[in-house]
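Contents: one structure, followed by commentary.
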Amino acid sequence: MNRIVSQTRRILGIAIAVGSILPVALAAQASVITGRVTDRATQSPISDVQVMVVGTQRGARTDANGIYRIGNAPTGTLQIRAIRIGYQALTQTVSVGADASQNVNFSLTTATTTLDEVVVTATGETQRRRESGVATARIDTAQVNMANIQNFSDLLSSRAPGIVVQQAGGETGGSSRIRIRGSNSIQLSNDPLLIIDGVRVNNNPNSSAIGTGGQVPSRFNDINSDDVESVEVIKGPAAAALYGTAASNGVIQVTTKRGKAGKAKWATSVEYGSVRENADFPRNFTQIGTNLAGTTRITNCNLDAQARRVCTPKADSIVSTSPLENNSPFRDGWREQFGLNVSGGSDVAQYYLGTDFEREEGVYPVNGLKKTNFRANINAQPRQDLTLSLNSSYLSSRLRRPQNDNNALGAISGALIGKAFDCTLPRREISCGIDTLGRGYRTANHPSTRFFFIDTRQDVEHFVGALNATWQAKNWLSFLGTGGYDFIDRFDSETWPKDVIEVFVPQGYRQHARANIRSYTGNGSAVGTFQPRPSLKLVSTAGMQWTREIFARTDAYGETLLPGTNSLNGTSTAFTIGEANSDIVTFGGLFQQRAEWRDKVFLSAGVRADKNSNFGVLLPFVRYPAAQISWVVGDEDFFPQQGFIKDLRLRAAYGESGQRPDFRQADRFFSPVAVNVNGLDVSGVTLGGAGNANLQPERTREFEFGFEASLFRDYVAVEFTRYAKQTRDALIGRRLAPSVGATTTQLVNLGRVDNKGSEYLVSLKAPDFMDAVKASITFSGSLNDNKVVDLGKGITPIIFGLGGDTQRHQSGYALGSYFGRKIVSFEDKNGDGMISRVNCPTYGATANPQIAGGPACEIVLTDTAVYGGNPLGRTELTISPSLSLFNWLKVQANLDHRGGLTLNNSTEYFRCNTSPNECQAVHDKSAPLEEQARAISTFMGTRAAYFEKADFWKLRELSFTVSAPKSMRLPFGASALSLTVAGRNLKTWTDYKGLDPELNTSAASNFNTADFLTQPPVKYWVTRVNVNF
């Protein structure tokens, strides 16, 4: 570990030193292009405008005064283009002489469309959005209030149509489920590919070797959002085909911040806020009664027991308690953040250096996170034909994790499936037995705080480095190259002290797992630009890509821990060790031909060919074709130039991409084991996997089309996309005959999964009122229909889920759909005020009580399991209003909606079904008959009554920002000063009856989805101060 830290610090030290030296060392005289960019209407300067030399990688961004400077510029006749979101792009032609300075000013007109927005392609090239036939979403962090962002998942959530981020719970350091245009794969991951500055980076959302119940850390959240300049969401194979065998789930492409030529500029941020638990947890109930003879007291005389004539309730004897109130495990959490960065440089070299410290203490005393980030980005133009960039980041993270979710040691699980009695002396319920300290928690004498002695931690050191180079060998020929390295050292550990907790493992234990995860990226491409006619430009690109992913982990476990120690050396029994290794290599080549006619019509066609070490040995290179067309109709002479509609663009695209099998799924392999022979342990092997020499990637093909338009004199912008995505050769586990003598299943390319849907975005901008009031609102949303079309010949529905049978992959339904016996009808036939299952027929393997002369069956279920809903949802909609007053107050909000959503409320199911049956509906006759029927149905062998509609609206974000006027900030020497108060997870509107409609006990699982004893999302209120110098 010390060696890793010292090497990383050395690398960052070199980067910082280079950033300091380069501006001086490379400050040779060369051609320079300078200028100022202003708003045409107000004449005020515009910051963060991207000014670039067309056809090259040369460019710069304007500062707060609208000034830009491009050093070491090419000579000759050049086109200079200025681009910024919210403005119409402008291009000027200038002549630049050798060692000369040229001044080029721009006056930009506001626009709601973003046709000239710059995006990055799979080869590292940049192109304008108008040149692409696909819908690529771009998140510009300059437009995001960072006080609302606690991690990178928050930065993605509700920002772009088609990308859905499910916040699984409220645990600090927890993961989220991220999906782009639905789920494609039954067997493999459905997580998008993550690329940072051209380098493939580990994005494992289930990054832990030690389980605490369901919530897990995610490597997605290692990214420091304050260092991010923009995020591009490449949504599907139509756009991602050239990324090859990894990109069928979409690509999240992150570009980090760069320096600008000029004197050093400092920016700092300070943040502090609260983290609060505000869920309304249910109480535990029970009904006191006696046996029928009245001689024996019964403390669980529930409605089902009464109907079965097991007991008679006592009048007014329903009791209840809340263990979470009796002995609260919660605290008022808090978070703080301190950030500092400096950027600047000369014409030929610029730097961005940043550091950030973050600490969050969650709502449990044993849940906290500390993160320290460092970043050094250096851009250099040592020659007119060469551009270099070195980007590096280092994260050191320390996370303590609580017991949570599906875990008897968790605070919520211990409370909600606990007792209805406090069990505290001196007035203690006799049924509490030896329990005098439990306060209603499930385990006798162990309120949840006793389990806080369990110490579960994760330490992470994460380094990402990227070197990018662009060589303009000729006016028509350029070469691009990227080399990258992603390294993670992860150490998971858990200590259970001896004799501190008297149950489960009183002797104590220690376990740990150390993982080294390395990823290498090597990309190279050549780009040729030809102009056979003034109106026609051809761009040819050829390239190759190589990636290697190495994983190595060693685990160890031991029990009977010596008191006072927390080391494996202090254990003396139950020793076990384990090791896991994988090495995956992908090599691919690509070619693309683009044609641009009159800068209005753009066509492209390309193909990528891949070979991956996880493919079957008999499989040749796999090819993925792609084609796109974009037509900017609004620029055509024949298009009517009216105020109603302008800037109309039509687009369409087709592409294919893949998903490689997992490590060794194609190989027959053996696993080493220790075998006892004649009392001695000797080495042996077992067959670890059957393999499949013909195994190939899952292939996803997608067709999309859409348009963008500006309406009503640029006050309205509209985007629309329709897509159809089809995954063939989906991997399915086919059961093998036991006589084969291998594993029970073999993966085969058999299935097909479809996703079809639409995406839309509507932006409305109110006319400015004397530059004093500015208002806008954006509606963005999507609809996705997911369906398993075919599982393959002879494959029966794949059944899984919490409880073992609540979810299915079944032809004709969405992946992971809920299935169960639903309630057909219920009726209180005898008028006794309760629903009974007495004399109901047998359903499946569950026989219901038959009592001669008893009441008639009052609840009817379906004969078989039927469809119960889609846990992944069908629609999403985000409403984002913004209001600015007098250039000093800005109010922003984010209102999020998910529809077509069903959630398994397994928390309430378990409380009703499992002894001591704590839910109110199973005890209280005053509970609605519908709730009674749901509770009683659990005794009939079904969970389906708790598959609940979970559509919701959520006030995801709200912020108020006050910007100080010049008179207030100048005494401090500050160029900008602002104060923000922001809240997150503020209010939820839903008909869901559980704690929160987004909860998921299996946070990072592909499909397992259930609300089961999980900590609900917490509420944040944060105050942040930003100061620039």
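Quick check, is residue 263 within 30 Å of residue 979 (Cα to Cα) and among the basic types (Lys, Arg)? Spelling it out, residue 263 is indeed within 30 Å of residue 979 (Cα to Cα) and among the basic types (Lys, Arg).
Looking at this structure, is residue 357 touching a residue at least 12 places away in the same chain (Cβ under 8 Å), farther than 20 Å from residue 269 by Cβ and of a type outside the set (Gly, Ala, Ser)? So residue 357 does not fit the description; no.
Within the range 247-258, if we keep just the residues that are in contact with a helix residue (DSSP H, G or I) (Cβ under 8 Å, 6 or more places away or on another chain) and at pLDDT 90 or above, the residue that is surrounded by the most Cβ atoms within 10 Å (Cβ to Cβ) turns out to be 248.
Within the range 268-300, being of a type in the set (A, V, I, L, M) and farther than 28 Å from residue 997 by Cα holds for 270, 288, 292, 293, 298.
Considering only the range 629-641, I want to know if a residue exists there that is of a type outside the set (Ser, Thr, Tyr) and under 33 Å from the mean Cα position of the chain (by Cα). Among the residues of the range 629-641, at least one is of a type outside the set (Ser, Thr, Tyr) and under 33 Å from the mean Cα position of the chain (by Cα), which makes the answer yes.
Among 100, 168, 135, 122, which is the only one that is surrounded by 23 or more Cβ atoms within 10 Å (Cβ to Cβ), at pLDDT below 95, over 28 Å from residue 896 (Cα atoms) and of a type in the set (Gly, Ala, Ser)?
Values: 100 fails: surrounded by 23 or more Cβ atoms within 10 Å (Cβ to Cβ); 168 fails: over 28 Å from residue 896 (Cα atoms); 135 fails: over 28 Å from residue 896 (Cα atoms).
The unique qualifying residue is 122.
Kindly indicate whether any position in the range 755-762 is touching a residue at least 24 places away in the same chain (Cβ under 8 Å), among the basic types (Lys, Arg) and touching a Lys or Arg at 6+ places or on another chain (Cβ under 8 Å). Taking every residue of the range 755-762 in turn, at least one turns out to be touching a residue at least 24 places away in the same chain (Cβ under 8 Å), among the basic types (Lys, Arg) and touching a Lys or Arg at 6+ places or on another chain (Cβ under 8 Å).
Please pick out the residue among 46, 70, 80 that is buried (at least 17 other Cβ atoms within 10 Å of the Cβ) and free of Cβ contacts under 8 Å to residues at least 60 places away in the same chain.
Details: 46 fails: free of Cβ contacts under 8 Å to residues at least 60 places away in the same chain; 70 fails: free of Cβ contacts under 8 Å to residues at least 60 places away in the same chain.
From the options 46, 70, 80, the qualifying one is 80.
Only one entry in 710, 763 is more than 27 Å from the chain's Cα centre (by Cα), assigned to a strand (DSSP E or B) and not acidic (Asp, Glu), namely 710.
Going residue by residue through the range 554-562, is there one that turns out to be under 26 Å from residue 481 (Cβ atoms) and either in contact with a Lys or Arg (Cβ under 7 Å, 6 or more places away or on another chain) or surrounded by 15 or more Cβ atoms within 10 Å (Cβ to Cβ) (or both)? Let's see the steps before the verdict.
Narrowing the range 554-562 to residues under 26 Å from residue 481 (Cβ atoms): none.
Checked the range 554-562: no residue is under 26 Å from residue 481 (Cβ atoms) and either in contact with a Lys or Arg (Cβ under 7 Å, 6 or more places away or on another chain) or surrounded by 15 or more Cβ atoms within 10 Å (Cβ to Cβ) (or both).
When the range 766-795 is limited to residues that are modelled with pLDDT under 90 and assigned to a loop (DSSP other than H, G, I, E, B), the one that is farthest from residue 870 (Cα to Cα) turns out to be 770. Is one or more of the residues making up the range 642-661 in contact (Cβ under 8 Å) with a residue 24 or more places away in the chain, among the charged types (D, E, K, R), surrounded by 12 or more Cβ atoms within 10 Å (Cβ to Cβ) and within 21 Å of residue 583 (Cα to Cα)? Checked against the condition, which is being in contact (Cβ under 8 Å) with a residue 24 or more places away in the chain, among the charged types (D, E, K, R), surrounded by 12 or more Cβ atoms within 10 Å (Cβ to Cβ) and within 21 Å of residue 583 (Cα to Cα), the range 642-661 yields at least one hit. When the range 796-824 is filtered for residues that are out of contact with any Leu (no Cβ under 9 Å at 6 or more places or on another chain) and either assigned to a loop (DSSP other than H, G, I, E, B) or surrounded by fewer than 15 Cβ atoms within 10 Å (Cβ to Cβ) (or both), the ones remaining, listed by number, are 796, 799, 801, 802, 803, 804, 805, 806, 812, 813.
Here's the yes/no breakdown for (1) assigned to a strand (DSSP E or B); (2) at pLDDT below 95; (3) not acidic (Asp, Glu):
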position	(1), (2), (3)
516	yes, no, yes
529	yes, yes, yes
552	yes, no, yes
559	yes, no, no
563	no, yes, yes
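Among the residues of the range 345-385, those identified as within 30 Å of residue 97 (Cα to Cα), surrounded by fewer than 21 Cβ atoms within 10 Å (Cβ to Cβ) and of a type outside the set (Lys, Arg) are 382, 384, 385. Whether a residue is under 30 Å from residue 366 (Cα atoms) and assigned to a strand (DSSP E or B) was assessed, and residue 328 does not pass this test.
All of (1) buried (at least 19 other Cβ atoms within 10 Å of the Cβ); (2) free of Cβ contacts under 8 Å to residues at least 40 places away in the same chain hold for residue 868 with one exception: (2).
Which is buried (at least 23 other Cβ atoms within 10 Å of the Cβ), touching a residue at least 60 places away in the same chain (Cβ under 8 Å) and within 30 Å of residue 358 (Cβ to Cβ), of 236, 244, 214? Give the steps one after another, and end with the answer.
Working: 236 fails: within 30 Å of residue 358 (Cβ to Cβ); 244 fails: within 30 Å of residue 358 (Cβ to Cβ).
After applying the criteria, what remains is 214.
Among the residues of the range 123-181, those identified as under 19 Å from the mean Cα position of the chain (by Cα), among the polar types (S, T, N, Q) and not in a loop (DSSP other than H, G, I, E, B) are 136, 141, 148, 153, 166, 167, 176.
The values are calculated or read from the model by the stated rules, or taken from the named source; none is laboratory data. Note that the structure is a prediction, hence the values are computed from the model and not measured. Cβ sites come from the backbone with ideal geometry, for glycine too, and all protein chains shown count toward neighbours.
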